[in-house]
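Worksheet: the structure to be examined is printed underneath.
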Amino acid sequence: MTSDRPPDGSLPPTRFTARQLRAARQGSFESLDAPESVPPRPSRRRVSLPALAATLLLVIVAGIAAYLAPLAWASWRAYQRVFTTPIPRANVTINAQGTPEVVLVSPNDPAIQLPDWDKKDRINVLLLGVDRREAGDVPRADTIIVVTIDPLTKDVGMLSIPRDLLVTIPGYGQEKINAAYPLGMSSPLTGPGLLRATIEYNFGIPIHYYAEVDFEGFVRIVDTLGGVVVDVPAPIKDDEYPGEDYNYTRVYFAPGLQHMDGRTALRYVRTRHDDNDFSRGYRQQQVLRALREQGLRLDLLRKAPQLVDALADTVRTDLSPQQVLALAKLGSEIPRERIRSFTLLEATTSYWEPGQPFYLIPNWPAIQAILDEMFPPREGQPRPRVRSTTVAPPAQPLAPDLVEPVQTPPPEVQAPVQPQPTETAPVETEPTPSTPTPGTQLTPTLPPATPTPHGMHTPVPTVVPTAESTTPEATPTPEGTPTP
């Protein structure tokens with residue numbers, strides 16, 4: 001049997017608590033007989049660093065989600081209405097009669113060549129401004145702009161195509177280019193689809209994507225961005241601007257910088273009776289540039305929920321949301337001076353016959369020269385080649401609902417100069433206002449052009465004297481003093 005005592009026979013050391021020792025000093029030795037057990041000191045658990053990091057990450061993610069929740073909700077609501085499935089595509093073939101016709105292709109057809117965004121291929125987008133009025137009315141494509149973007153060189157070109165341009169609409173015949181939209185709306189190809197096929201066939205420009213906005217959507221976009229600042233180059237007075245209930249109203253713009261809300265900006269880009277369609281195309285591109293500058297100045301992330309929600313039911317595009325964001329980022333990186341504007345002013349002549357629609361006759365070789373400048377050569381990138389064909393105004397319009405008979409020469413037309421009276425004429429007569437010969441091609445006339453930084457010339461609107469703006473002759477008052 002073993003003993004717990006040390007070899008010298010002494011008692012083993014006993015451990016007392018501090019309280020027991022204080023009691024012993026005060027004369028109470030009873031508490032020393034039963035040593036108090038010392039409770040174990042609680043151990044301190046170390047917080048895991050990965051667990052702390054995960055907690056902080058969850059807090060940050062929750063904060064970001066709370067901030068972006070309105071944007072995500074608005075995007076989800078507008079997604080199905082703004083970002084549509086790709087519109088049908090078609091190949092244009094020449095039939096046995098020698099006329100072009102459209103053949104629908106499947107979305108997975110290898111003939112459809114879209115740009116490779118990773119390889120920075122050139123991107124061509126068709127921008128359309130559509131006039132949707134009351135339900136049942138034929139929609140009209142009043143604004144047609146082709147935008148080409150080179151992500152590698154960061155160059156942008158914008159070409160306005162006038163709506164009265166006479167082209168060949170595949171499957172239908174020769175007509176104004178804006179007739180392709182309503183004709184396509186009554187076919188499986190859709191309005192944007194037939195208009196895209198028409199541009200690809202006549203201009204040779206591959207259209208990869210499209211985006212269209214109606215007039216109400218344009219107003220909402222401008223108002224959501226807080227308006228737009230535009231420098232009006234010359235006075236504009238239009239007494240025949242389309243008003244409510246198919247009436248006319250007068251619009252006037254003074255020259256100089258102006259801050260426009262959505263309704264005012266819409267009138268500015270639509271008016272054309274004081275000048276012409278070329279000047280209107282210039283104004284449309286001018287406002288697009290101003291909207292881009294406004295977007296760069298604003299915090300678009302803060303405006304995104306309102307903007308996306310405002311676009312619902314008024315904007316359609318076959319670009320994906322990721323592609324739209326990529327284009328927006330690319331657009332913010334492109335310098336202002338690398339955005340160039342192009343017009344077909346010098347590549348068209350006018351055709352007008354009293355009581356008949358007005359047409360612009362294309363000069364395809366001149367249009368090819370414009371496209372060569374708009375699409376500079378780049379290895380691996382196709383260049384447009386126009387289809388040089390002779391066009392003639394149709395005997396019967398293909399879209400009768402779009403016919404707008406013109407009784408007087410439109411602003412684009414300059415009447416031929418009639419012979420003046422000779423010196424031997426017995427009676428002096430005032431020159432008779434000249435009238436264009438019906439059915440003849442006339443040259444478009446515009447006010448003096450203003451050179452742009454790129455050497456291009458864009459038309460500047462001018463004021464056409466009207467009964468209200470003409471100063472009457474002086475008439476004598478009862479006192480005999482002439483009064484203007």
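Here, each number is a calculation from the coordinates, and none is a lab measurement. Keep in mind it's a predicted model, so treat the numbers as computed, not measured. We place every Cβ from the backbone using ideal geometry, glycine too, and count neighbours over all the protein chains shown.
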Amide H within-cut-off set for GLN356, under 5 Å, with H built and near neighbours excluded: VAL406
Dipole of segment 120-255, positive end: most advanced residue of PRO182, GLY226, THR198 [Cβ charges, Cα centre]: THR198
Modelled label reach - GLN322, point 7 Å along Cα→Cβ, segment 87-119 residues with backbone N closer than 14 Å: 116-119
Coil-residue GluC sites (Glu not before Pro) of segment 131-228, DSSP, other Cβ within 10 Å capped at 13: GLU134
Length added when fully stretched, VAL105-ARG132, from 0.36 nm per residue minus Cα-Cα: 6.9 nm
For segment 100-249, alpha-carbon Rg and Dmax in angstrom: 17.6, 52
Directionally averaged shadow of segment 196-248, computed from the convex hull of its alpha-carbon atoms, nm²: 7.0
Cα-centred dipole magnitude for segment 192-271, charges only on beta-carbon of K, R (+1) and D, E (-1), debye, nearest 20: 180
Between segment 212-239 and segment 304-374, the Cα center-to-center distance that results, in Å: 16
With 5 Å bins from 0: P(r) over segment 175-325, alpha-carbon pairs, percent: 2, 8, 14, 18, 19, 17, 14, 8, 1, 0
Net dipole in debye of segment 150-224 [+1 Lys, Arg Cβ; -1 Asp, Glu Cβ; about Cα centre; nearest 20]: 120
Cα-based shape type of segment 251-372, given that a ≥ b ≥ c are square roots of the gyration tensor eigenvalues and the cut on a/c is 1.5: prolate
Whole-Hz ³J(HN,Hα) from phi, Karplus 6.51 cos²θ - 1.76 cosθ + 1.60, for segment 109-117, glycine and proline x: 5, x, 5, 7, 10, 9, x, 8, 5
Gyration tensor verdict on segment 229-289 (Cα atoms; rounded if a/c is under 1.5, prolate if a/b is larger than b/c, oblate otherwise): prolate
Relative contact order (percent, whole number), segment 94-253, Cα cutoff 8 Å, 6+ residue spacing: 19
Charge tally in the Cβ shell below 13 Å around GLU333, where Lys, Arg are +1 and Asp, Glu are -1, GLU333 excluded: +4
